[in-house]
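Notes follow once the structure below has been shown.
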Amino acid sequence: MAHLNTQPNLPSPDEFYADLLAAHEGLSDDESAALNNRLILLLANHIGRHDVLCDALGAAK
Amino acid sequence: MFQDRYPLAFKLYPYEKSKDQDAPKAVRHPVVIVGGGPVGLATALDLGRQGIPALVLDDHEGIGMGSRAICFAKRTLDIANRYGCGAPMLEKGVVWNVGKVFQDDRQVFEFNLLPESGHRNPAFINLQQPYFEKFIFEKIRAEQDTGTPIEIRGKNRVDAVDVRQDHVVLTVATPDGPYDVEADWVIACDGASSPVRGMLDLGFEGRVFQDSFLIADIKMKSTDFPTERWFWFEPYFKSGASTLLHKQPDDVWRVDFQIGWDVDRAEEMKEENIRKRLDAMLGDDVDYEIVWSSIYTFQCRRMNKFRHGRVVFAGDAAHQVSPFGARGANSGIQDVDNLGWKLGLVIAGTAPENLLDTYDDERVFGADENILNSTRSTDFITPKSKASKGFRDAVLMLAEKYEFARPLVNSGRLSVPCTYDASRLNGPDHLPNGPDRTRVGSPCPDAPVAGGFLLDHLGTDFVLLAINTEAPEQIDIDGIKVRTVSVRTSDNPTGALAERYLGSEAQAVYLIRPDQHVTARGRVYTEDALRAALLKACGKD
């Protein structure tokens, strides 16, 4: 994991977590999955580094 | 015993009894090409133009019916130009640049290929395969009239192949019975189901895609449909899981419906059922005639090796891809381009036989690139799991709103020639500030030069391209001819030549292979450097 930051990096972890849950509130499983898919793509593009993304794919497995 | 496997669009070479059939002993030919499709005909043309007698054996008497391959890339047109048959293709073909991608009833986005200026040929033309083949054939006929040693024998079906140490014996069926013919070299261009490959018991492994596609080529009576590539994912008209609409010459449009794996082919091929799908898509008031239809499934696979001693495989016989990206016929023509000069040198005795192993290296590399790209397109177009469909739909939804997602939309990555970066034929790259796109291994990009285009001057022989510098006019090294082409960037006010070949260098010399790939480059000509690079490029070091 030379590239992926796996140290705490979120300024307000509880707030982010609450926002994430709020975004999914009231959604069906399929809608939630679709939201997650879009979120992953948006974040991946923002990161924009293949090595970091590969590390993240590995870390998430 | 001679059952045609398909109807003909053009009957061009009716069966005639050859004198080989009455010869007391099998007649030996330098090269026998099995298959008279685009790859076989182009191979004959390439070799014949080098003065090498080429005999084509085809089990039919002309070109098969059906548009089949319709998208021909710039590189293919460049190669056709080198063979002298590019102009009629360009004249007949439909040039297109704009593509639109839809999901359901929404346009997701529109793209424009925006071809770079300063090239003789456009990025793509659409042209029915029978025309493509016919233009090659017509060039062969014109060459034959001037003594070029090409012979095409119709209704000559290869039924047995016996590979010997330094030649191959073929048993050929004809309406007058079988005969044997011998070949120093056999080039198998007999298609994806290659009988020659089967007779040699060679494998053809890869991935099967469980989906089928219904093609309907329709002639519109009157239409406002544009010259654009339209691709629908999950179209609102429900005629297929995806649908492609693309214009061809003669007011014909290609419509390609993805119809799923478990289909009753006979039922789907009934005109009334094809019309149901078309009417749902076009509306009831569009008048059209169905000129050709077909159902296809596909695999992405290749042979382990394309050269097996004296038998060399090219085109679909060697590798097969999904149609997304137009990488079938286009890559087959690149095979021919790669093989032709190498076989020419080997037959002339000016290069060792193992030069042909680099055909294997380079074109296996090309096939893998094509298979990778077309497999990825297929995975996007026909997602195989809930997760992959989920991501596909997310990409399409985001692409409508956000530019970043558009490069992820994959309805086919269109064929581009490969750069042989790792080829063992490559010499040094001594042009440190030269452009990346013309690095060693690259196919030469076109550029305007005084009185025409650069590519018209490259290829067929080895060429020493001298830009803003001097080199001897003609050089012979070890029996191999090198022709010098001198150009000056001051003759090219657009700056394209300098941009594509010099970068920030003031001058350059390029050694360019007969297939127009760069094999070495540097700042100045020296005899020693040229000699070393040329011998390497011919497998002689």
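Scanning the stretch B:57-95 for residues that are touching a strand residue (DSSP E or B) at 6+ places or on another chain (Cβ under 6 Å) and not in a strand (DSSP E or B) yields B:Asp59, B:Glu61, B:Met65, B:Gly66, B:Ser67, B:Ile70, B:Gly93.
Within the stretch B:350-360, at least one residue is hydroxyl-bearing (Ser, Thr, Tyr) and farther than 28 Å from B:Gln129 by Cα. Test B:Val94 against the criterion of being open to solvent by 10 Å² or more (accessible area, probe 1.4 Å), touching a residue at least 24 places away in the same chain (Cβ under 8 Å) and out of contact with any Ser or Thr (no Cβ under 8 Å at 6 or more places or on another chain), and give yes or no. Against the criterion (open to solvent by 10 Å² or more (accessible area, probe 1.4 Å), touching a residue at least 24 places away in the same chain (Cβ under 8 Å) and out of contact with any Ser or Thr (no Cβ under 8 Å at 6 or more places or on another chain)), B:Val94 does not qualify. When B:Ser322, B:Ser294 are checked against the criterion of being closer than 25 Å to B:Gln103 by Cβ and polar (S, T, N, Q), B:Ser322 stands alone in meeting it. Out of B:Asp361, B:Asp287, one residue alone is closer than 24 Å to B:Asp217 by Cα, out of contact with any helix residue (DSSP H, G or I) (no Cβ under 7 Å at 6 or more places or on another chain) and charged (D, E, K, R). It is B:Asp287. Screening B:Asp176, B:Asp166, B:Asp201, B:Asp145 for residues that are touching a strand residue (DSSP E or B) at 6+ places or on another chain (Cβ under 9 Å) and not small (Gly, Ala, Ser) leaves exactly one candidate, B:Asp166. Selection of first residues in the stretch B:309-327 that are at positive phi and of second residues that are aromatic (Phe, Trp, Tyr), restricted to Cβ pairs under 9 Å at least 6 apart or on distinct chains, gives the following pairs, ordered by first then second residue: B:Ala326/B:Phe72; B:Ala326/B:Phe124. Of the helices (runs of 4 or more DSSP H) contained entirely in the stretch B:317-428, those carrying at least 3 residues that are surrounded by fewer than 20 Cβ atoms within 10 Å (Cβ to Cβ), within 14 Å of chain A (Cβ to nearest Cβ) and over 20 Å from the mean Cα position of the chain (by Cα) fall at B:386-401.
Checking each residue in the stretch B:465-486 for being open to solvent by 20 Å² or more (accessible area, probe 1.4 Å) and closer than 18 Å to B:Pro435 by Cβ picks out B:Asn468, B:Thr469. Against the test of being of a type in the set (A, V, I, L, M, F, W, C) and open to solvent by 50 Å² or more (accessible area, probe 1.4 Å), the options B:Trp261, B:Trp253 yield a single qualifying residue, B:Trp261.
The values are calculated or read from the model by the stated rules, or taken from the named source; none is laboratory data. Worth saying up front: this structure is predicted, and the values here are computed from it rather than measured. Cβ: placed from backbone, ideal geometry, glycine included. Neighbour counts: every protein chain shown. With ligands, DNA and RNA removed, areas are computed over all heavy atoms of the protein, side chains included. Shrake-Rupley method; radii C 1.70, N 1.55, O 1.52, S 1.80 Å.
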